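The values are calculated or read from the model by the stated rules, or taken from the named source; none is laboratory data. Remember, it's a predicted structure, so these values are computed and weren't measured experimentally. Backbone-built Cβ (ideal geometry, glycine too); neighbour counts: all protein chains shown.
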Amino acid sequence: MTNARLLDVTRLASRAGLVATGVDRVELAYLQAFTQDADVPVFGLCRTALGFVLLDRAGLIALGEAYKSRKFSKPDLLSRMNRRLSDAARLGQSFVRRHAVARARRAKLKRLLKHVPVPFTYFNVGHSNLVRPVCRAIKSRQGAEIAVLIHDTIPLDWPDLQRPATVADFRSKLIVAGKFADRIICSSAACALDVRRHLAALGSVPPVIVAHLGVEPSTPVPEDIPLVVMPLRPYFVVLGTIEPRKNHALLLDIWDDWGPGAPELLICGRRGWLNKEVFDRLDAGVSHVREVPDLPDGAIAALLLGAQGLLFPSLSEGFGLPPIEAAALGVPVLCADLPPCRELLGDWAVYVDAQDRYSWTKEISRFLQTAPQDRAGRLSPPTWSAHFRKVLGEA
């Protein structure tokens, strides 16, 4: 008998109307896969400021469509009155309440879960609701299981690059996963090694499954590129949130030294945290470097196709989505020498130590020697179907 599925969509609801990050896309992929499987009951669980709500298949489909289109109805009065909520959370929490088939105060979660037929598996892939009370309530149902996807252990491995509360919050969630999960899903073998290492130190190591995330490159839509963004000379793209771990400072140093003949560098990503020095440099201006945040996926894909390559000098990754997406489009990748990237990209990428500025400069110059129209081939990326065969025990 196939277990019913209960997907936690708290993260999606908290980010309504925003450009999807990598973790958002994973949660959305689970939503789409589970709602498309008509033979298995599926529900969505969401924590809101007013308690928990339960969505059925129709509600999940509606949430997925709204999230992809970034079109949500105006927030309800209760959300508008709550000053502690972000604008995105006001939209998302109002949406899930409108589509809920059942609601409960936080203390009554067990009662709400009776609407989900047993046996069922609770999937938490966004971590937003990965807390002891929720897991205890789920495990109180006979026949209920918990599966948690851990994307990486970067907060514990690179604590100095995190926001103040992130490290303790992540450690707490990892402890909860170790104590309550029936299985943990990791997106790479490298990530699984890190997860097992940290869980062993924290006291409990459930079974760990390695299932590469599916990568579906967006269809390039050149018409979506604003005219002011269109480069006038050869260019490179760096894709991802501007945070210390992504190591944008290395590229700014290279471009600072380049001089008048430099190619353009397009930084596609929002500003993040703990990166004032980089933000100050960008605000002051670095020759031939431009920030282009909040572009639609089709525009980014089109920019990648015309680029000399994707630059990915990240200091640490659990999976590394941008270089795989670029390689799947046939775009050359200059990548930090990280185990997950080697695991997933193989010989496609050129690998350089993330701190070796000389080698990065040398390889970037070499990439300039090949025109985009002259390259051929592309990487075959991992698929979501293969991911779910492993996660659901069908592989």
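Here are the numbers:
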{"read-out": "Which listed residue, of Val205, Val148, Val176, is in contact with a Gly (Cβ under 8 Å, 6 or more places away or on another chain) and either over 21 Å from Glu325 (Cα atoms) or not in a strand (DSSP E or B) (or both)", "value": "Val205"}
{"read-out": "Residue identified as touching a residue at least 60 places away in the same chain (Cβ under 8 Å) and either surrounded by 13 or more Cβ atoms within 10 Å (Cβ to Cβ) or over 22 Å from Asp297 (Cα atoms) (or both) among Ser86, Ser79, Ser73", "value": "Ser86"}
{"read-out": "Criterion (more than 21 Å from Gly44 (Cβ to Cβ) and either within 25 Å of the chain's Cα centre (by Cα) or not assigned by TED's automatic domain parsing to the domain that holds Leu315 (or both)) met by exactly one of Arg105, Arg97, Arg84", "value": "Arg84"}
{"read-out": "Verdict on Leu213 being modelled with pLDDT of 95 or more, among the aliphatic types (A, V, I, L, M), surrounded by 15 or more Cβ atoms within 10 Å (Cβ to Cβ) and farther than 25 Å from Leu174 by Cβ", "value": "no"}
{"read-out": "Asp253 being over 30 Å from Asp157 (Cα atoms), in the same structural domain as Glu277 (by TED's automatic domain parsing) and not in a loop (DSSP other than H, G, I, E, B)", "value": "no"}
{"read-out": "Test for Arg389: is it among the charged types (D, E, K, R) and assigned to a helix (DSSP H, G or I)", "value": "yes"}
{"read-out": "The stretch 56-70, subset free of Cβ contacts under 8 Å to residues at least 40 places away in the same chain and of a type in the set (D, E, K, R), residue farthest from Asp39 (Cα to Cα)", "value": "Glu65"}
{"read-out": "Top-ranked residue of the stretch 285-300 - restricted to ones that are part of a helix (DSSP H, G or I) and under 26 Å from Ile154 (Cβ atoms), ranked as modelled with the lowest pLDDT", "value": "Asp297"}
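Conditions (1) over 20 Å from Pro381 (Cα atoms); (2) touching a Leu at 6+ places or on another chain (Cβ under 6 Å); (3) crowded, with 19+ Cβ neighbours inside 10 Å, marked per residue:
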site: Ser287; (1), (2), (3): yes, no, no
site: Pro296; (1), (2), (3): yes, no, no
site: Ile300; (1), (2), (3): no, no, yes
site: Gln308; (1), (2), (3): yes, yes, yes
site: Leu311; (1), (2), (3): no, yes, yes
site: Glu317; (1), (2), (3): no, yes, yes
site: Gly320; (1), (2), (3): no, no, yes
site: Ala327; (1), (2), (3): no, yes, yes
site: Gly330; (1), (2), (3): no, no, no
